Amino acid sequence: MSQQRSGLSFPPCHILDVCGFRVLFDCPMDLSALTVFAPIPVDSCTMLDVEASACSALKYLDSESFENKRRKIGAPLDASSLIHAEPYYKTVKSLHLWNSSFIDIVLISSPMGMLGLPFLTRAKGFSAKICATEATARIGQLMMEDLVAMNMELRQFYGPDESGFPRWMKWDELEMLPLALKEIVVGKDGSELSGWMPLYRMFLSAADVKDCMQKVQALKYGEEACYNGTLIIKAFSSGLDIGACNWTMNSPRGNSAYLSGSVFVSAMAMDFDYPALQGSDMIFYSDFSSWNVSHNVESDNSPSPPTSDISSFSDTDDNWETIAQSLLNNDEASEEMEKLAFVCSCAIDSVKAGGSVLIPIGRIGIILQLLEQISFSLESSNLKVPIYIVSSVAEELLAFSNIIPEWLCKQRQEKLYSGEPLFAHGALIKEKKIHLFPEFIRSNC
């Protein structure tokens, strides 16, 4: 079984038979699909209480006539085209149909690959061993707690769904959606509607998420975990983000490795650990955030990267020398910094024009770098513009990022050895250039 997606917001999910054991690699949620839902209306601050908010939301849904909805199908997308309801979350396709008792091991490669885990751990018969790196486990937990807090505030506005089946999921409502939104909701073949679920169902508190996390065994890079006395599991850096990893699985029947999204030379996280692949009889690769190195090594002339494949690997000195040389010649870190610089320039242009900039939180390492670069760019441009981080776990997340040098690249580790902070956000918060807001919905009345 495999669930393939492009992009970092919904990493691939696979179940593979590894040396006779059924291993699930990652259990994500597609947060990019949340773009079909409308944000809370700006006039919600005029509501006197939660009940009035819920009534207003329902009236908004009922206010459009059938003909008005039909006109929107082929019209350009605007705010009124979106779904005005409490957001549901898109999980791995047919997750509810899985027999979770058949899964022996779950290996989590990144925080994004962990967000769907509570759906799985609450399933009847689930008893699999779950492994993730210490950093991935902690960041993933904070992200889940943040989603729970956000969803609870949205429920306060929209009110509980008494029927248990949202109106927007009814087929007559789906037929009225603009085509671009309809494809996100139901998929190209109409089979993805079942992937939508209310957030964690019974998992509506940080305590429930914590209970889920108690089932996760947290590992350091290179630390061994054993399953059934025969399979030795180890995580090694993928370079994608703080704590993100690939996996090796060794047993008397053979040695294999699983490669998730990887960045070979990172400007933030520890670099890709390619020597860990040595000795592997088989390598399973899922997808690469950057694929130029594997493309060059394999001399593949196809115009697009491989997204899911199983490759046998010849463990010879010549192959490893070729790979090492390709990695050394790779310039991904500078490319990543150029992309961040471009985002910063666009943000500065928007601020100079009197606008505001909204940046969704994704890869934590990228966000931390953006905070530094945007703050520096604002100072260089002599612009005194505050930066707001709206998250219920922002304080914990930023504090955690300053105590994890072992998960970072050598350049960041050297800052610690020289007495400098790992990141600049601590000083920026003290100088009141960055402000933390724990609430998602704040009244300005």
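The values are calculated or read from the model by the stated rules, or taken from the named source; none is laboratory data. What you are looking at is a predicted structure, and each value in this text was computed from that prediction instead of being measured. A quick note on method: Cβ atoms are made from the backbone with ideal geometry, for glycine too, and the neighbour counts reach across all protein chains shown. Note: accessible area is taken over every heavy atom of the protein model, side chains too, but ligands, DNA and RNA are not part of it. Shrake-Rupley method; radii C 1.70, N 1.55, O 1.52, S 1.80 Å.
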Can you say whether residue 409 is over 26 Å from residue 145 (Cβ atoms) and surrounded by fewer than 18 Cβ atoms within 10 Å (Cβ to Cβ), as far as the supplied structure shows? no
Return the residues of the stretch 112-124 that are open to solvent by 10 Å² or more (accessible area, probe 1.4 Å) and under 13 Å from the mean Cα position of the chain (by Cα); say none if nothing qualifies. 112
Looking only at the stretch 236-252, which residues are surrounded by 14 or more Cβ atoms within 10 Å (Cβ to Cβ) and not polar (S, T, N, Q)? 236, 239, 240, 241, 242, 243, 244, 245, 247, 249
Residue set 398, 340, 428; condition under 22 Å from the mean Cα position of the chain (by Cα), at pLDDT 90 or above, within 27 Å of residue 134 (Cβ to Cβ) and surrounded by 12 or more Cβ atoms within 10 Å (Cβ to Cβ); output residue 398
Mind telling me which of the residues 357, 297 ends up being open to solvent by 40 Å² or more (accessible area, probe 1.4 Å), modelled with pLDDT of 55 or more and in contact with a Ser or Thr (Cβ under 6 Å, 6 or more places away or on another chain)? 357
Name the residue that is modelled with the lowest pLDDT, counting only residues in the stretch 35-64 that are surrounded by fewer than 17 Cβ atoms within 10 Å (Cβ to Cβ), in a helix (DSSP H, G or I) and of a type in the set (A, V, I, L, M). 50
In the stretch 223-235, which residues are closer than 26 Å to residue 362 by Cα and open to solvent by 10 Å² or more (accessible area, probe 1.4 Å)? 234
Among the candidates 100, 191, 127, 109, residue that is among the hydroxyl-bearing types (Ser, Thr, Tyr), open to solvent by less than 30 Å² (accessible area, probe 1.4 Å) and more than 21 Å from the chain's Cα centre (by Cα): 100
In this structure, is residue 318 modelled with pLDDT of 55 or more and either more than 28 Å from the chain's Cα centre (by Cα) or of a type in the set (A, V, I, L, M) (or both)? yes
Test: residue 443 is hydroxyl-bearing (Ser, Thr, Tyr), at pLDDT 90 or above and more than 25 Å from residue 271 (Cβ to Cβ): no
Looking at the stretch 253-277 only, could you name the residues that are more than 16 Å from residue 406 (Cα to Cα), at pLDDT 90 or above and open to solvent by 20 Å² or more (accessible area, probe 1.4 Å)? 255, 276
Within the stretch 73-146, strands (runs of 3 or more DSSP E) holding 1 or more residues that are more than 23 Å from residue 187 (Cα to Cα) and touching a Cys at 6+ places or on another chain (Cβ under 6 Å): 105-107, 129-133
Kindly check whether there is at least one residue in the stretch 205-213 that is surrounded by 14 or more Cβ atoms within 10 Å (Cβ to Cβ) and modelled with pLDDT of 90 or more. yes
If I ask for residues that are under 22 Å from residue 262 (Cβ atoms) and not hydrophobic (A, V, I, L, M, F, W, C), which ones from the stretch 214-239 would you list? 220, 221, 222, 223, 224, 234, 237, 238, 239
